[in-house]
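The values are calculated or read from the model by the stated rules, or taken from the named source; none is laboratory data. Since the model is a prediction, treat every value here as computed from it, not as a measurement. Virtual Cβ from ideal backbone geometry, glycine too; neighbours counted across all protein chains shown.
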Amino acid sequence: MTTTPFAARRQRLLESMGPKTAAVFVATPTAIRNNDVEHDFRQDSDVFYLTGFDEPDTVVVLTPAATIKDPAADPKDKEPKQLSPKLTMFVRPKDPEREIWDGFRHGVEGAKNEFGADVAFTIDELSRRLPELLAAHDAVVYRWGNKAFDERLFSAIALARRTAGRNGAAAPTRILDPIEVLYEHRLRKSPEELAAMRRACAITAEAHKRAMSIAAPGRHEFELEAVMLETFRKHGSERPAYGSIVGSGPNATVLHYRRNDRQLQDGDLVLIDAGCEYGYYASDVTRTFPANGRFSDVQRAIYELVLEAQLAAIEMVKPGVTQGDIHQRACAVLTAGLVQLGVLEGDVDELLKKEAYKPFYMHKTGHWLGMDVHDVGAYFVPTADGKMAQRPLEPGMVITIEPGLYFGIGAEKAPERFRGIGVRIEDDILVTDSGHENLTSSIPKTVEEVERACAE
Ligand code: GLY
Ligand code: MN
Ligand code: MN
């Protein structure tokens with residue numbers, strides 16, 4: 001394990017935070033599933049981004065201004081050596097007994113020697129050490145929402161403040177969300193991050209192609225899910241980037257459908273929204289295809305419309321354009337098409353303004369993609385006049401483009417022949433200097449390509 005690129009990321013964060021701001025990042029809490037069995041652990045993305053350390057019970061503390069007593073100093077020493085740790089890691093202790101059951105732990109020495117920590121403690125020392133580390137800073141970067149840890153951090157800050165009051169030193173008075181600093185970095189992908197994303201996308205592409213080729217009436221949704229998962233793991237992906245959605249027939253109209261237990265019927269469309277995670281980076285892809293390998297006329301009409309909206313939206317992606325602009329474009333194409341199909345009636349501009357498409361297209365056209373499937377980063381940024389506006393895209397950002405149309409079985413506003421049909425098409429798009437690159441372009445998408453892939 002090399003400490004780069006992690007050391008470079010920490011350095012960049014320290015520079016953006018300034019000399020008086022500390023930062024605290026906490027491992028994903030472990031969760032008991034039942035008795036002594038835990039849910040699968042996946043490291044918190046911020047912790048991994050900054051250290052590459054994937055063990056639970058870890059706290060990462062960055063402190064540009066800390067001065068602490070050398071923890072190795074003799075307690076009787078009147079003038080112990082002072083240390084100025086920039087990176088302190090609190091980790092699980094080495095434990096030969098536990099390591100027999102759960103596997104290797106790096107421990108305190110590993111955190112220092114292999115992960116670049118200036119100082120490391122076992123996690124049980126956190127409450128005692130954190131106030132001293134945070135003192136001399138006036139703000140702490142920390143992501144709210146981990147209830148148990150929120151309280152520990154408050155206590156540490158309160159303690160630091162009490163001491164500071166007496167000796168005139170600074171102590172944190174503000175908590176800053178990482179969105180203002182770290183997430184600006186995570187939003188723009190480096191070449192090594194893009195390499196991981198390309199790999200995730202390539203594996204996901206393979207999985208979608210396999211699912212199309214094995215699909216047939218009589219198969220179950222879970223069989224297609226199984227082929228996706230098998231392909232992910234076979235190529236070294238650690239896990240899916242989110243719960244795979246395999247919805248056939250009317251299930252394709254349920255946005256977060258997860259049961260994946262229905263048997264495919266002749267005449268169904270199948271919607272698969274599934275992507276793998278590789279090296280802690282996500283892919284997020286949706287394809288919709290006919291279970292029997294041939295789109296019906298109605299299915300094809302809806303599919304072609306969603307595809308037209310998706311291609312038009314992708315075409316827009318370049319630096320300076322916003323995700324709001326892209327969404328508007330997708331909605332405009334869908335609205336015009338819904339009028340042509342006889343689902344909506346009236347003037348296209350008026351219908352667009354009224355958001356008349358919403359009963360059939362109720363989500364946004366995309367989101368940031370990165371370590372998290374719905375990745376971090378501000379969607380709105382302040383303008384010169386103090387208002388908030390949609391953020392212009394920049395090279396190195398990755399977004400999804402995923403329009404869809406959903407006619408639920410009870411969608412009374414839709415012609416009866418459309419009911420029970422759901423279509424979404426989703427690709428992962430990198431913003432480049434000159435425009436964009438579709439990272440998932442190898443997955444069949446036109447009607448002809450999809451029908452061919454289903455026949456293979
Ligand atoms: N798979 C989640 C999404 O498409 O946003
Ligand atoms: Mn998706
Ligand atoms: Mn998505």
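Return the total of residues in the range 123-151 being buried (at least 16 other Cβ atoms within 10 Å of the Cβ) and more than 22 Å from Q11 (Cα to Cα).
Summing the residues that are buried (at least 16 other Cβ atoms within 10 Å of the Cβ) and more than 22 Å from Q11 (Cα to Cα) in the range 123-151 gives 6.
Can you tell me which residue is nearest to ligand 3 (Cβ to nearest atom) among those in the range 366-382 that are part of a strand (DSSP E or B) and over 19 Å from E426 (Cα atoms)?
Here the answer is F380.
Could you grab me the full set of residues in the range 34-82 that are among the small types (G, A, S) and on the phi < 0 side of the Ramachandran plot?
Result: S45, A65, A66, A72, A73.
Any residue in the range 41-61 that is under 18 Å from H137 (Cβ atoms), of a type outside the set (K, R) and loosely packed, with under 14 Cβ neighbours inside 10 Å?
no
Restricting the search to the range 223-266, which residues are within 16 Å of ligand 3 (Cβ to nearest atom) and part of a helix (DSSP H, G or I)?
Passing the criteria: M228, A252.
In this structure, is T383 surrounded by fewer than 17 Cβ atoms within 10 Å (Cβ to Cβ) and of a type in the set (S, T, Y)?
Yes.
If only one of A313, A356, A301, A332 is of a type in the set (A, V, I, L, M, F, W, C), within 16 Å of ligand 1 (Cβ to nearest atom) and not in a strand (DSSP E or B), which one is it?
A313
Would you mention how many residues in the range 261-307 are within 19 Å of M228 (Cα to Cα) and crowded, with 22+ Cβ neighbours inside 10 Å?
Here the count works out to 22.
Report the residue count in the range 1-37 for those that are free of Cβ contacts under 8 Å to residues at least 40 places away in the same chain, of a type in the set (D, E, K, R) and surrounded by 11 or more Cβ atoms within 10 Å (Cβ to Cβ).
Matching residues across the range 1-37 total 1.
Please give the number of the condition T383 fails out of (1) of a type in the set (S, T, Y); (2) closer than 17 Å to I245 by Cα; (3) free of Cβ contacts under 8 Å to residues at least 12 places away in the same chain.
Unmet for T383, out of (1) of a type in the set (S, T, Y); (2) closer than 17 Å to I245 by Cα; (3) free of Cβ contacts under 8 Å to residues at least 12 places away in the same chain: (2).
What number of residues within the range 430-446 satisfy the criterion of being crowded, with 17+ Cβ neighbours inside 10 Å and either modelled with pLDDT under 95 or touching a helix residue (DSSP H, G or I) at 6+ places or on another chain (Cβ under 6 Å) (or both)?
Going through the range 430-446 one residue at a time, the tally reaches 4.
Having 2 or more residues that are under 21 Å from L130 (Cα atoms) is the bar; report the strands (runs of 3 or more DSSP E) wholly within the range 1-76 that clear it.
Those strands (runs of 3 or more DSSP E) span 21-26, 59-62.
Mind checking which pairs have a first residue in the range 89-101 that is surrounded by fewer than 21 Cβ atoms within 10 Å (Cβ to Cβ) and a second that is among the basic types (K, R), Cβ under 6 Å, 6 or more apart or different chains?
K94/R105; E99/R105
What residue, of R258, R239, is within 16 Å of ligand 1 (Cβ to nearest atom) and touching a Lys or Arg at 6+ places or on another chain (Cβ under 8 Å)?
Of the residues listed, the single one that is within 16 Å of ligand 1 (Cβ to nearest atom) and touching a Lys or Arg at 6+ places or on another chain (Cβ under 8 Å) is R239.
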